[in-house]
Structures are given as C-alpha cells and as structure tokens.
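Note sheet for the following structure.
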Amino acid sequence: MILLDGFKVASERNLALRTVIDQEVEKYGRAPHLAIILVGENPASMSYVKGKGKACEVAGIKHKLHALLEDVKQSEVERLIQQLNEDPSVDGMILQLPLPKHLDENHLIDLISKDKDADGFHVINQGNLYQKRPTIHPATPKGIMTLLNAYAIPISGAHAVIVGRSNIVGFPVARLLMDQGATITVCHRQTKDLRSHTLSADILVVASGKPNLVTGDMVKPGSVVIDVGVNRVDGKLVGDVDFEAAKNIAAYITPVPKGVGPMTINALLENTHELYLSHILNQRFSK
Ligand code: GUN
C-alpha cells in the first residue's frame, strides 16, 4: 500500500507558491489577500480557519480573519461581504461553513462576488464547473484531483465511486473525475447496498461525514481510497473509512489527518493566487 501523503504534497506546493508570490510582490507591489469570515465558535471551523491562516503565512498570502458572533444578524454578515466585495485590496474571500441555522447560507455565498469566490461555491462558478467552462474549482475536489495527479494515478477509464453528494465535495468531485474520463457512480443516504457499489470502485472517494462508514470488506483490492471525512471520535480524528482495515486492501489510501485536509488548504491558496493574478492583470489592462 502507498500512502497518499497530502501533507507532503501540499507543503511542497505551498512552498513553491511562496517562491512565485515573492517574485510577484516585487513585480506588482502587493501580495494576494484572503479574507476569512468565521461566524461563531464551532471548534472544527475554528481549527480549520487557524490552519488556513497558517498556510497563508507559509505561502506569503496576506490573510485577515473577520470573526463574527454566533448570533450575528443576516444583514450584518451581508454588510461585511459587500464591504469586502468593494475593497480593491481583497482578492479572495471565504465564508467558513457550516453557519448557524438562522443564517441563509446560499444567499450569503451568492453575495460573495464570483470574482472573489476563493472557495468556488458561488452558483455561477459552480454552474461554470458543471458546464466544463474555465472557473474557480471548489477547494476539496481540486485538492483531491491534484493529489491523484501527484501520484500519477490513472483516472481515464477508471470506475470512480463517490459516497456523498454535497455541493462542497461529492457532486463537484464527481464532475471533475468524469471530466478526466472516469465513469462515475454517486452514492448517498438512499443508496441501497452501498457495499455492492464501493466494491467495484477503482477510485473510491468517501465524503459522508460518518466515521468508519466504509469498512475493509467494502474496498476493492488494489483500488485507490480517498477519505474526505474528519470526525472526532473519543478525542481522536478519524475518517469515513476504517483506515486500519482498508490499508491492507487498497493500493493507495489517504490518511486522516494529513491526507485530503492539507490538499484542500493548498487548493484554497492556489485559488486565492489565481484570483489575485486576474485582479492584478485586469487593473493593469484597464489603466
Ligand atoms: N466547511 C467545510 N469545508 C469547507 C470549505 O472547503 N470551505 C468553507 N468555507 N467551509 C467549509
């Protein structure tokens, strides 16, 4: 079994991005800037946001945390997003999910300018993705594709089975895998006999949010297993796949932590850099 070392691949890419950004700061006079909006004190979100900030520092990306109280009004979040949309020094913005129940998540995501949408969640950016037009890709699917590519894993002709159909991971990763020539099956809560599907997966992507949903007997021998889950069980982080059992059956597998997580953050930084370049180049052309 080969471990898909997301931590190593992401660290190398973040450092490579740093080299590029250092040169661009010399050339264009400023670094990329990512605004991070966090509502409330969800411990997992706080930890993700901290990780994103740290990675920004490694890559030379300016980042600013906008922390709002759990009971913030919808109109106040809207005001902040509008203000960041209008601020020419901000290249990218993320609204850390999940939000408290009283906030309208879709409305807020769509309020983020599609040109500052570092997460690629805006309905127009997702529409572009589904129509295979150039756009910002959501961070986790993009990170997964980068990781598969880093290990030269063949995708064309493979049967990719995705467990989970969220807008953030399952659905867009299915689209990206299909674009690269995979035949896809998307499984979800209503899927009957999940095992019969996962057992035929050459590439299995699990983003169900259910700890250890995929057991060893559900993994095809010699396959590639990508575990997107991050669950805290008895104080320990575990994925959606029973790693100890699956590692003896799969040819490649991501660990949790240090698998998909760091790749998601790297993709976010690369998206922010992409938005920065498009802002810099637009400003230069419009002068
Ligand atoms: N919550 C879980 N994953 C993500 C992500 O990629 N971006 C944001 N903004 N929130 C998340």
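Derivation of every value follows stated rules applied to the coordinates shown; laboratory data play no part. This one's a predicted model, so the numbers in the text were calculated from it and none came from an experiment.
Using amide H atoms built in the peptide plane, which far-off residues or other-chain residues are under 5 Å from ILE203 H to H?
HIS159, ALA160, VAL161, VAL224
Per the Debye formula with a single identical scatterer at each Cα and no solvent contribution, what log10 I(q)/I(0) holds for segment 25-73 at q = 0.20, 0.22, 0.28 Å⁻¹?
So the normalised log intensities work out to -0.69, -0.78, -1.03.
Kindly give the semi-axes, whole Å and largest first, of the ellipsoid equivalent to segment 1-121, taking each as the square root of 5 times a Cα gyration tensor eigenvalue.
Working through the eigenvalues yields semi-axes of 27, 20, 12 Å.
Using 10 Å bins from zero, what percent of all Cα-Cα pairs in segment 142-276 falls into each bin?
Each 10 Å bin holds this share of Cα pairs: 13, 46, 34, 6, 1.
Per residue, what volume in Å³ does the convex hull of the Cα atoms of segment 87-220 enclose? Let's see the in-between values first.
Values: hull volume 18.0 nm³, N = 134.
Taking the convex hull of the Cα positions in segment 87-220, it is 134 Å³ per residue.
Would you please classify the overall shape of segment 75-139 from the alpha carbon gyration tensor, given that a ≥ b ≥ c denote the square roots of the eigenvalues, rounded means a/c under 1.5, and beyond that prolate means a/b larger than b/c while oblate covers the rest?
oblate
Which three numbers, in whole Å and largest first, are the semi-axes of the equivalent ellipsoid of segment 123-192 derived from its Cα gyration tensor as √(5λ)?
Numbers: eigenvalues 61, 58, 24 Å².
Gyration-tensor ellipsoid for segment 123-192: 17, 17, 11 Å.
Output the pairs from LYS220/LYS258; LYS64/LYS101; LYS62/LYS210; LYS210/LYS247 with a Cα-Cα distance over 29 Å in this structure; if there are none, say none.
In this structure, LYS62/LYS210 lie more than 29 Å apart at Cα.
How long are the semi-axes of the equivalent ellipsoid of segment 226-280, taking √(5λ) for every eigenvalue λ of the Cα gyration tensor, in whole Å from largest down?
Computed over segment 226-280, the values are 31, 14, 6 Å.
In bins 10 Å wide, starting from 0, what share of all Cα pairs of the chain does each bin hold, as a percent?
6, 28, 34, 23, 8, 1, 0
Length gain on complete extension for the stretch ASP217 to GLN82, per 0.36 nm per residue less the alpha carbon to alpha carbon distance?
Stretched fully, the ASP217-GLN82 segment lengthens by 43.6 nm.
Over the chain, what is the percentage of antiparallel beta bridges among all DSSP beta bridges, to the nearest 5?
Just about 10 percent of them are antiparallel.
Any idea what the alpha-carbon Rg over 2.2 N^0.38 Å comes to for segment 1-50?
That works out to 1.61 for segment 1-50.
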